[in-house]
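I have placed the structure first, in the form of structure tokens, so that the comments after it can refer back to it.
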Amino acid sequence: MPPEWLMLAIWGGWVALDGAALGQFMLSRPLVACLVGGWIMGAPAEVLGLAIILEAAHLVVLPAGATRYPEAGPPAAAAGAVLAALPPGNAALLAVVVATLAWEWISGRSVEAARGFNTRFVANAPVAAQPARHAGAIAVDFGRGVVLVVLAALSTGFVARLTLEYWPLGEALTGALLTAALVALLAASARIFGDHTRLWAGGLLAGAIYLVLT
Amino acid sequence: MSPLPGRARRAALLRSFAIQGSFNFETLIGTGFAFTLTPLLRVVYRDDPAGLRRSLERHSALFNSHPYLATLAVGAVARLEADRVDPALIERFKAGLRASLGAIGDQLVWKAWRPAAAMLGVAMLLLGLPWWAAAAGFLAAHNALHLHLRRWGLRVGLASGLDVARAVREAPFPAWGRHAAQAGAVLGGIACAAAFRGVGDVRVAAVVALLALPLGLHLGGFTRRAVWAALSALWLAGLAYGVTTASFR
């Protein structure tokens with residue numbers, strides 16, 4: 001097995017843990033998970049757009065209590081690795097974004113399944129056995145992340161290659177679609193921060209002035 | 001009460017990073033709570049193994065909290081156990097803490113600080129800074145609060161015991177949350193403008209701005225689903241068209 005795939009598998013397991021079970025240092029955020037996935041494949045600069053889009057899409061996700069939510073870490077890691085390994089272009093980027101957002105939903109369902117397993121394996125165990133079972137649950141979660149990142153990478157890679165072969169739209173139009181998606185997602189952030197729309201608009205104006213001047 | 005030794009406190013703090021390791025639908029973080037509390041309870045019940053067992057059994061029951069503020073509960077409960085407070089009172093105390101620690105953490109961390117830190121990283125990338133600098137900037141900004149909360153929580157919980165509610169009321173969390181939200185809003189606007197960088201055609205930029213901006217502002221949290229649905233539909237349609245035209249060549 002190429003060392004990059006082993007590193008990716010370990011990274012996928014690690015970000016799965018970081019999402020909730022161990023650490024929560026936010027290495028599991030798409031911004032970090034995707035960029036490191038791209039770095040593992042030797043081309044982190046090629047996945048900047050992907051990392052930005054995935055992070056913008058995940059801003060509205062709130063992991064409050066025991067609610068259901070998409071899980072970004074392993075799919076984003078896989079996405080970064082896949083895109084970094086492909087020829088640069090917006091067709092591949094579009095395919096990877098679509099596939100990864102789907103995988104985030106699947107990954108979220110696997111979190112639910114893991115929590116159901118924990119109910120039987122840990123919560124219902126004798127108290128004396130719970131510390132070891134607690135550690136066991138963490139190990140199982142790591143394995144879940146490894147499986148997810150491998151499956152996500154394989155399937156997303158397939159989808160991206162298929163798209164590269166048959167995608168009918170040009171680079172510019174595909175890029176415009178992705179820019180529109182990103183702008184919509186970032187505009188949604190105005191609602192995340194409560195009633196600070198004026199500050200958000202001020203930031204928009206400042207950013208626009210900076211773009212014009214530079 | 002003699003202070004719990006530093007070694008036990010450090011062990012509890014370290015274990016707190018795994019407090020959600022066995023999150024489940026029955027006890028939520030209850031099993032993780034007992035796991036985190038164990039080094040402190042081992043000191044409290046060093047001469048009473050049966051008491052330790054009963055205590056762990058009590059504290060592995062249902063409990064929930066924001067993970068970064070759970071150490072506040074861990075420290076306070078350890079203090080109450082060391083003071084030999086009635087277990088029934090400790091359970092009522094924990095039940096009261098559950099809702100407040102969750103709500104405070106959600107408001108401060110998930111809804112303000114973390115998205116603001118993420119916006120910092122996104123804005124840095126969009127403005128052309130190196131990828132590692134953006135990732136490091138986001139991680140540093142987020143974890144400055146994260147690590148402070150865990151350490152603060154354990155220290156204040158151990159010191160305050162039942163009086164922990166006053167410590168929480170006096171903590172500057174609402175102000176921090178407000179400032180983080182303000183910073184996040186500004187950074188979000190900057191990032192939104194910077195997203196147009198690299199769009200060479202002014203007409204394209206204008207169309208994108210006119211359509212995408214109002215859509216995101218209006219839909220808010222539903223934008224993610226809308227964007228995914230739209231991109232998926234376009235991708236499927238484009239691929240179907242591409243495959244079909246390739247078949248007929």
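The values are calculated or read from the model by the stated rules, or taken from the named source; none is laboratory data. Here the structure is a predicted model, which is why all the values come from computation and not from measurement. Counting neighbours? That spans all protein chains shown, and the Cβs are built from the backbone with ideal geometry, glycine included.
Filtering the range B:124-143 to residues that are surrounded by 23 or more Cβ atoms within 10 Å (Cβ to Cβ) and in contact (Cβ under 8 Å) with a residue 60 or more places away in the chain leaves only B:Leu126. Taking the conditions (1) free of Cβ contacts under 8 Å to residues at least 12 places away in the same chain; (2) within 11 Å of chain B (Cβ to nearest Cβ); (3) of a type outside the set (Asp, Glu) in turn, A:Leu6 satisfies each one other than (2).
The listed residues are B:Gly198, B:Gly177, B:Gly238, B:Gly220, and the only one of them that is modelled with pLDDT under 95 and farther than 23 Å from A:Thr214 by Cβ turns out to be B:Gly220.
A count restricted to the range A:189-214 and to residues that are surrounded by fewer than 19 Cβ atoms within 10 Å (Cβ to Cβ), modelled with pLDDT of 90 or more and either touching a Pro at 6+ places or on another chain (Cβ under 6 Å) or under 16 Å from B:Leu217 (Cβ atoms) (or both) stands at 5. Selection within the range B:106-123: residues that are at pLDDT 95 or above and more than 9 Å from chain A (Cβ to nearest Cβ). The member of this set that is surrounded by the fewest Cβ atoms within 10 Å (Cβ to Cβ) is B:Leu120.
Residues are listed down the side, and each one gets a yes or a no for (1) under 23 Å from the mean Cα position of the chain (by Cα); (2) on the phi > 0 side of the Ramachandran plot:
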site	(1), (2)
B:Ala180	yes, no
B:Cys192	no, no
B:Ala195	no, no
B:Gly198	no, yes
B:Leu219	no, no
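Is there a residue in the range A:146-168 that is more than 7 Å from chain B (Cβ to nearest Cβ), closer than 30 Å to B:Leu213 by Cβ and among the hydroxyl-bearing types (Ser, Thr, Tyr)? Scanning the range A:146-168 turns up at least one residue that is more than 7 Å from chain B (Cβ to nearest Cβ), closer than 30 Å to B:Leu213 by Cβ and among the hydroxyl-bearing types (Ser, Thr, Tyr). If you go through the range B:166-224 and pick out every residue that is basic (Lys, Arg) and at the interface with chain A (Cβ under 7 Å from one of its Cβ atoms), you end up with 2. Against the list (1) buried (at least 17 other Cβ atoms within 10 Å of the Cβ); (2) among the β-branched types (Val, Ile, Thr); (3) more than 23 Å from the chain's Cα centre (by Cα), the condition B:Val168 fails is (3). Within the range A:54-61, is there a residue that is at positive phi, touching a Gly at 6+ places or on another chain (Cβ under 8 Å) and within 10 Å of another protein chain (Cβ to nearest Cβ)? No, because not a single residue in the range A:54-61 is at positive phi, touching a Gly at 6+ places or on another chain (Cβ under 8 Å) and within 10 Å of another protein chain (Cβ to nearest Cβ).
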